[in-house]
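Here the structure comes first, spelled out in structure tokens, and everything after it is commentary.
Readers should treat all values here as calculations from the given coordinates under stated rules, not as data from a laboratory. Please read all numbers here as calculations on a predicted model, not as lab measurements. Here the Cβ positions follow ideal geometry from the backbone for every residue, glycine too, while neighbour counts run over all protein chains shown.
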Amino acid sequence: MTESSKHPETICLHAGYRADPATGSVAPPIYQTTSYQFRDTEHARALFGLEELGNIYTRIMNPTLDILEQRVAALEGGAAALAVSSGQAASAMAVQNIAQAGDNIVSSTDLYGGTYVLFNNTLRQMGIEVRFVDPADPEEFRRQSDERTRAWYAETLPNPRLQVFPIEEVARIGREEGIPLIVDNTAAPVICQPLQHGAAIVVYSATKYLGGHGTSVGGMIVDGGTFPWDKHAERFPLLNQPDSSYHGAVWTEAAKPLGPIAYALKARVTLLRDLGCAMSPFNAFLFLQGMETLPLRMREHCRNGQAVADFLEKHPQVTRVIYPTKQDETYYGRAKTHLKGGFGSLCGFELEGGAAAGRKFIDSLQLFYHVANIGDARSLAIHPATTTHSQLTEAEQEASGVSPGYVRLSIGLEHIDDILADLDQALKAAHS
Ligand SMILES: *Cc1c(COP(=O)(O)O)cnc(C)c1O
């Protein structure tokens, strides 16, 4: 039985680790070290030459991070994973690993605000053009692509619209064209496995549900191991031509003895080496702690999320509820084929009175925290137009689904009666 054939509950407790060989410690040790003693000069030479995989320096690899990487790879059914310092680092590196100046990617417009700003500014300034398309028409990804297109990018369950992305359809078109789909699965761990729907690469902000307790910022990149980079050698020169930064290594060749991990290997030994956005071992330990209860928490997050959506739908002061099960058959249907075991804990709504009422509602909450975050064990709320999406123009806000009165909730693990009571009193206060 391979690790990824087990169930998520088991994977999240066991994958990648079984008692520390040196001490017998059952909890994963925090290897708080920068460097590792080489056995001898021959060992050091083999490690640097990638003839043998092993620890050199914590910017590139660390035993605590290695457990987390194996665990997330197993959960996704991927070939390998890479832990990095934040979700932003993960999405930037996922693109930079295969695209350089003069190249382009095609991305869904339904994006986390930070990713949109990264794509529309910093990547552009680096010479990587990002072409945005409305995900309502999957064929648009094909139409906007050319021979310099290196990837397609999307989020599984993007807020504020919470319309599940057509992973299956777009990934299939991408495979026809020889273009990999990168999916940000931050909002839907356990309930969606994008690789099983054809995605090539998965990225996470571990800051959210994976960690789950609002303590640490981190990111993950998962290499699905199924994309045939070498079949499309012209499209992926960074993986198929000699890399002058690593004594002429050709990554699709160098990875062969190690498994189908050319993408992950290159990201680790070139981008992580050069850009240095490494995760700290202590944060990796906290993410491992979080992951132990991830499937359990996701079940409860989803249950509470659905209950809040049902409550808001019936509330006289709420004009619109945004939740996957409250959408028309196109999106609800897609949610049912892509999500298993629940529909997430993000819920948006608009209330009578627009922006002013929205702000008064937020200011009246007592149990919910007012923060720019999602996926915490605690319930959270925010008014996107004046916060997370305020760097966007009004037209950009409108295009991304943020209306002036929109309120975003991330439903936590408190008792549902207490959650609903807080929402109810804040709704009353917003209209008093
Ligand atoms: C938070 C978030 C990110 C960015 O992650 P950080 O860990 O904050 O850098 C990326 N994508 C989504 C969907 C997010 O919610």
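Worth a mention:
- Test result for Leu367, surrounded by fewer than 22 Cβ atoms within 10 Å (Cβ to Cβ) and touching an Asp or Glu at 6+ places or on another chain (Cβ under 8 Å): yes
The rows are residues; the columns are (1) away from the ligand (no atom under 15 Å from the Cβ); (2) surrounded by fewer than 21 Cβ atoms within 10 Å (Cβ to Cβ).
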| site | (1), (2) |
| --- | --- |
| Ser86 | no, yes |
| Ala90 | no, no |
| Val95 | no, no |
| Thr122 | no, yes |
| Glu129 | yes, yes |
| Pro135 | no, no |
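- Tallying residues that are touching a strand residue (DSSP E or B) at 6+ places or on another chain (Cβ under 7 Å) and without any contact (Cβ under 8 Å) to a residue 60 or more places away in the chain within segment 323-361 yields 1.
Conditions tested, residue by residue: (1) aromatic (Phe, Trp, Tyr); (2) under 19 Å from the mean Cα position of the chain (by Cα); (3) surrounded by fewer than 20 Cβ atoms within 10 Å (Cβ to Cβ).
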| site | (1), (2), (3) |
| --- | --- |
| Met291 | no, yes, no |
| Arg297 | no, yes, no |
| Cys302 | no, yes, no |
| Gly305 | no, no, no |
| Ala309 | no, no, no |
| His315 | no, no, yes |
| Ile322 | no, no, no |
| Thr325 | no, no, yes |
| Thr330 | no, no, yes |
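- Matching residues, segment 139-166, being over 22 Å from Phe236 (Cα atoms) and in contact with a Gly (Cβ under 8 Å, 6 or more places away or on another chain): Leu157, Asn159, Pro160, Arg161, Leu162
- Entirely in segment 308-416, the strands (runs of 3 or more DSSP E) that have 3 or more residues that are within 16 Å of the ligand (Cβ to nearest atom): 346-351, 380-382, 406-410
- Subset of segment 205-242 (residues that are more than 16 Å from the ligand (Cβ to nearest atom) and buried (at least 17 other Cβ atoms within 10 Å of the Cβ)): Asp223, Gly224, Gly225, Phe227, Trp229, Arg235, Phe236, Leu238, Leu239, Asn240
- Number of the condition not met by Ala74 [criteria: (1) touching a helix residue (DSSP H, G or I) at 6+ places or on another chain (Cβ under 9 Å); (2) within 16 Å of the ligand (Cβ to nearest atom)]: (2)
- Residue in segment 307-322 that is in contact with a Ser or Thr (Cβ under 8 Å, 6 or more places away or on another chain) and touching a residue at least 60 places away in the same chain (Cβ under 8 Å) present: no
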